[in-house]
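The block underneath contains the structure these notes are about, expressed in structure tokens.
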Amino acid sequence: MATSPPKPTIERLLKDISKEFDSLSKQLKLIARHVEQHREHIGLEGIQEMAAHCGVQPSAVIRFAKHFGFSGFSEMQKLFRDGISKQIVPSRNYQSRIREVIAAGQSPTTSVDIAHEFLGSSIADMQELQRSLHAPTFVKAVELLVKADSVWIAGARRSFPVAAYLGYALQHTDKRIQLLTALGSMHEAQLRSLRTGDVMIAISFTPYAEETQVMAETAVQRGGKLIAITDSRMSPLARHAHATLLVQDHSPLGFRSLTSTMGLAQSLFIALAYRLELEHQPTQQSLSNP
């Protein structure tokens, strides 16, 4: 008796896109990034709007949908429309309004208006992260850190504040911590001390800092495990990572927020600290047999 093919899911589609990303044409790669980073919008925007956001023709969007097994754009869109939850509607409405304001050349009239706009976007981003956090991957990242003796942290440019926070926070554990700053281009020499079994946390977002990519690749080549904090499965960091934590911080008023990324980094540290503390707690048996 023939079995019916598995029902397509958004997660399955995103995994397929990630696997085939390197072989896609330039236009299809643009669409792939849009689908992953703005999947909460796909079920609501029309083909013309999606094509405009990707900088391609609508025919390219149709080719993309057919390439991944759909009859056309409408069938692919239905998959995302069925997955829309009420939680993301306020986020989309907010982001759409911000884009319209900027496109019209308008701006909030007071400093307080600007603060409300920026904070509102940050709240929406945090809600999206809470909804989309992939639990098994997060647990795997914590386990990698638990088992590591040494933790290396790499993050440049916009990501550097997050790397610096992790360097500070992880000093409160019994792990050996190395914060790589690329100061004086000494990072390659510093990485000679990385050993098999060490873990690197690499943080980077589009357009992806070249120095962070080099440090991540070097760590893996030397036998280290890589935890990537990035914005896409198609990120160059994700290709080498043993655990990829995805996070999106949008750009209200043209300024990229770090709110969700910092929240994810803090969550990672707190989860690790909790696990390490549990391992040091005496069991009931040891308490009864001093």
Practice task
Being of a type outside the set (Ser, Thr, Tyr) and part of a strand (DSSP E or B) narrows it down to one of Ala241, Ala228, so name that one.
Solution key: Ala228
Completion exercise
By residue number, the members of segment 161-180 that are closer than 17 Å to Ala219 by Cβ and not in a strand (DSSP E or B) are Ala163, Leu166, Gly167, Leu170, Lys175
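Do you know which residues across segment 244-266 are at pLDDT 85 or above and part of a loop (DSSP other than H, G, I, E, B)?
Restricting attention to segment 244-266, the residues satisfying the condition of being at pLDDT 85 or above are 244-247, 258-266.
Once the filter is applied, which keeps residues that are at pLDDT 85 or above and part of a loop (DSSP other than H, G, I, E, B), segment 244-266 yields Val247, Leu258.
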Handout entry: Set Glu143, Glu100, Glu128, Glu117: member being at pLDDT below 90, among the acidic types (Asp, Glu), within 18 Å of Ile229 (Cβ to Cβ) and assigned to a helix (DSSP H, G or I)
Key = Glu128
Practice task
Show the residue pairs that are 6+ apart or on different chains and have beta-carbon atoms under 6 Å apart, the first residue being within segment 65-76 and outside any helix (DSSP H, G or I), the second being crowded, with 18+ Cβ neighbours inside 10 Å.
Solution key: Phe70/Met76; Gly72/Ile62; Gly72/Ala65
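Mind listing whichever residues of segment 191-213 are buried (at least 17 other Cβ atoms within 10 Å of the Cβ) and not in a strand (DSSP E or B)?
Answer for segment 191-213, where residues must be buried (at least 17 other Cβ atoms within 10 Å of the Cβ) and not in a strand (DSSP E or B): Leu191, Leu194, Asp198, Ser204, Phe205, Tyr208, Ala209, Glu211, Thr212, Gln213.
The values are calculated or read from the model by the stated rules, or taken from the named source; none is laboratory data. For clarity, every value in this text was computed on a predicted model and none was experimentally measured. Ideal geometry is used to build each Cβ from the backbone, glycine not excepted, and the neighbour counts take in all protein chains shown.
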